[in-house]
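Q: First, the structure itself, so that you have it in front of you.
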Amino acid sequence: VENKKIQTEAEENLRSPICCIMGHVDTGKTKLLDCIRGTNVQEGEAGGITQQIGATYFPAENIRERTKELKADAKLNVPGLLVIDTPGHESFTNLRSRGSGLCDIAILVVDIMHGLEPQTIESLNLLRMRNTEFIVALNKVDRLYAWKAQRNAPIRKTLKQQSKDVQNEFDRRLMEVITQFKEQGLNTELYYKNKDMGETFNIVPTSAISGEGIPDLLLLLIQWSQKTMIEKLTFRNEVQCTVLEVKVIEGHGTTIDVVLVNGVLHEGDQIVVCGLQGPIVTTIRALLTPHPMKELRVKGTYLHHKEIKAAQGIKITGQGLEHAIAGTGLYVVGRDDDVEDVKESAMEDMKSVMSRIDKS
Ligand code: GDP
């Protein structure tokens, strides 16, 4: 009984899982995010900012609404899902690894018309090296010849309504991709046929254009996170937070974009971040987020918060942040902490970031 109680309490006190999207260029990573979010970053809504990192928060209610046609009786215990969008450009390897290093789970996107490509394999190896859970999105199913699209339909429903020829073509291409993964030493299977989850990785067919398969992808992301990472996702009071970017925003001065992985941040918290000239001790003046479903990079109005619980992408304003260094940790000086100790931890972080930069 006691164990059961602990289990229930743990399930009720979870942070949102952090998810990133990886894969070869042009497989539809940006378009998939746009489709989930209902925005259009891919066609330039975010105007020239597509080479930066972004974070979008999807509240659980939104995911529940989007997945209701699947009639899953599954409970969504997490407050939501935080999706980190990492740039695909070659020269952004550092940013990319910064973003993907924070992830609990990843979506590995494969174009059904192209199968595995060089960066698919690169991403796959990175995920395996880090032991990161992932789900394969077999994207662009709408490009199969004579495909009949049904907006936002669950994948099984839409597949059933395709002609025999389309179904055969789908099966043939799916088998090809499964074989290619096998050649990389990885077992994969359509998620609803997968009887060996854990050993065999899940494939969700999707279209970022028609939204088909997106309900399946969202539900599986949440279910799989809840099933395999309860411990990792348990909310803790200890702050775990990484600086993604430092930038000047009109009307806000210098701000830092951070990903709060665990814990809580409050307006007025005393914080320490790494700076080029040593640790920066300052106070959080404002905690800002975009509206849910909007991305952190896209200009617009921000929501002000008194406090924010993990996981979230947050913009922080405060004095002296202009020399902060991306990729390092943000530390909170607690009531019983000695500022000097916290400064020391911050600078330890900086050493490891610097040695990583030297190596690359
Ligand atoms: P990224 O480089 O992986 O971010 O790929 P993009 O999201 O920029 O997409 C590359 C191209 O493929 C764009 O022209 C998209 O409109 C197109 N695309 C992406 N997803 C789909 C899809 O599901 N179906 C079709 N037909 N086109 C897609």
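The values are calculated or read from the model by the stated rules, or taken from the named source; none is laboratory data. Values in this document were obtained by computation on a predicted structure and should not be read as measured data. Heads up, the Cβs are rebuilt from the backbone with ideal geometry, glycines too, and the neighbour counts pull from every protein chain shown.
Q: Would you say GLU169 is free of Cβ contacts under 8 Å to residues at least 40 places away in the same chain, of a type in the set (Asp, Glu) and assigned to a strand (DSSP E or B)?
A: On the way: free of Cβ contacts under 8 Å to residues at least 40 places away in the same chain: yes; of a type in the set (Asp, Glu): yes; assigned to a strand (DSSP E or B): no.
So GLU169 fails the test.
Q: Which of the following residues is within 16 Å of the ligand (Cβ to nearest atom), polar (S, T, N, Q) and crowded, with 17+ Cβ neighbours inside 10 Å: SER207, SER225? Write out each step before concluding.
A: Details: SER225 fails: within 16 Å of the ligand (Cβ to nearest atom).
When all the criteria are applied, what remains is SER207.
Q: Still on this structure: Pull out all pairs, ordered by first then second residue, where Cβ-Cβ is under 7 Å, the residues are six or more apart or on different chains, the first lies in segment 128-141 and is touching a residue at least 24 places away in the same chain (Cβ under 8 Å), and the second is near the ligand (Cβ under 10 Å from one of its atoms) and among the acidic types (Asp, Glu).
A: Here the result reads ASN139/ASP111; LYS140/ASP111; VAL141/GLU212, each pair linking segment 128-141 to a residue that is near the ligand (Cβ under 10 Å from one of its atoms) and among the acidic types (Asp, Glu).
Q: Answer with yes or no whether GLY185 is assigned to a loop (DSSP other than H, G, I, E, B) and within 21 Å of LYS31 (Cβ to Cβ). Let's see the steps before the verdict.
A: Details: assigned to a loop (DSSP other than H, G, I, E, B): yes; within 21 Å of LYS31 (Cβ to Cβ): no.
No.
Q: Which of the residues spanning segment 188-204 are assigned to a strand (DSSP E or B), touching a residue at least 40 places away in the same chain (Cβ under 8 Å) and either more than 16 Å from the ligand (Cβ to nearest atom) or of a type outside the set (A, V, I, L, M) (or both)? Walk me through how you get there before you give the answer.
A: In the first step, residues of segment 188-204 are kept if they are assigned to a strand (DSSP E or B); the result is 188-190, 197, 200-204.
Now drop any that are not touching a residue at least 40 places away in the same chain (Cβ under 8 Å), which leaves 188, 201-204.
Matches in segment 188-204: THR188, PHE201, ASN202.
Q: While we're looking at this one, here's another question. Suppose we filter segment 233-267 for residues that are within 20 Å of the chain's Cα centre (by Cα) and at pLDDT below 85; how many remain?
A: Going through segment 233-267 one residue at a time, the tally reaches 2.
Q: So which of LEU174, LEU218 ends up being touching a Lys or Arg at 6+ places or on another chain (Cβ under 8 Å), part of a helix (DSSP H, G or I), within 16 Å of the ligand (Cβ to nearest atom) and not small (Gly, Ala, Ser)? It would help to see each step written out before you state the result.
A: Details: LEU174 fails: touching a Lys or Arg at 6+ places or on another chain (Cβ under 8 Å).
It is LEU218.
Q: Also, I was wondering about something else. If ASP269 satisfies every condition in (1) in contact (Cβ under 8 Å) with a residue 24 or more places away in the chain; (2) farther than 25 Å from GLY80 by Cα but one, which is the exception?
A: In the conditions (1) in contact (Cβ under 8 Å) with a residue 24 or more places away in the chain; (2) farther than 25 Å from GLY80 by Cα, ASP269 misses (2) alone.
Q: For segment 105-144, give me the residue count where each residue is among the charged types (D, E, K, R), more than 15 Å from the ligand (Cβ to nearest atom) and outside any helix (DSSP H, G or I).
A: The number of residues fulfilling the criteria is 1.
Q: Hey, can you tell me all the residues within segment 311-326 that are small (Gly, Ala, Ser) and touching an Asp or Glu at 6+ places or on another chain (Cβ under 9 Å)?
A: Quick first cut of segment 311-326, residues small (Gly, Ala, Ser) only: 311, 313, 318, 320, 324, 326.
Residues satisfying the conditions are ALA311, GLY313, ALA326.
Q: Considering segment 24-55 alone, what residues qualify as being within 11 Å of the ligand (Cβ to nearest atom), modelled with pLDDT under 75 and either buried (at least 17 other Cβ atoms within 10 Å of the Cβ) or closer than 15 Å to LEU82 by Cα (or both)?
A: Those that are within 11 Å of the ligand (Cβ to nearest atom), modelled with pLDDT under 75 and either buried (at least 17 other Cβ atoms within 10 Å of the Cβ) or closer than 15 Å to LEU82 by Cα (or both): VAL41, GLN42, THR50.
Q: Without any contact (Cβ under 8 Å) to a residue 60 or more places away in the chain, assigned to a loop (DSSP other than H, G, I, E, B) and surrounded by fewer than 18 Cβ atoms within 10 Å (Cβ to Cβ): which single residue out of GLY251, GLY278 fits that description? Talk me through it step by step, then tell me what you get.
A: Values: GLY278 fails: without any contact (Cβ under 8 Å) to a residue 60 or more places away in the chain.
Criteria check complete, one pass: GLY251.
Q: I've got another one for you. Report, ordered by the first and then the second residue, all pairs with beta carbons closer than 8 Å, sequence separation of six or more or different chains, a first member in segment 299-316 that is under 10 Å from HIS266 (Cα atoms), and a second member that is modelled with pLDDT of 90 or more and of a type in the set (Phe, Trp, Tyr).
A: Within 8 Å, the pairs are LYS309/PHE235.
Q: While we're looking at this one, here's another question. In segment 143-190, which residues are among the β-branched types (Val, Ile, Thr) and loosely packed, with under 13 Cβ neighbours inside 10 Å?
A: THR179
Q: Can you spot a residue in segment 284-292 that is loosely packed, with under 14 Cβ neighbours inside 10 Å, modelled with pLDDT of 90 or more and within 21 Å of PHE235 (Cβ to Cβ)?
A: Residues of segment 284-292 loosely packed, with under 14 Cβ neighbours inside 10 Å: 291.
If we keep only those that are modelled with pLDDT of 90 or more as well, we get none.
Looking for residues that are loosely packed, with under 14 Cβ neighbours inside 10 Å, modelled with pLDDT of 90 or more and within 21 Å of PHE235 (Cβ to Cβ), one finds none in segment 284-292, hence no.
Q: Looking at (1) surrounded by fewer than 16 Cβ atoms within 10 Å (Cβ to Cβ); (2) in contact with a Gly (Cβ under 9 Å, 6 or more places away or on another chain); (3) of a type outside the set (Val, Ile, Thr), can you tell me which one LYS140 breaks?
A: (1)
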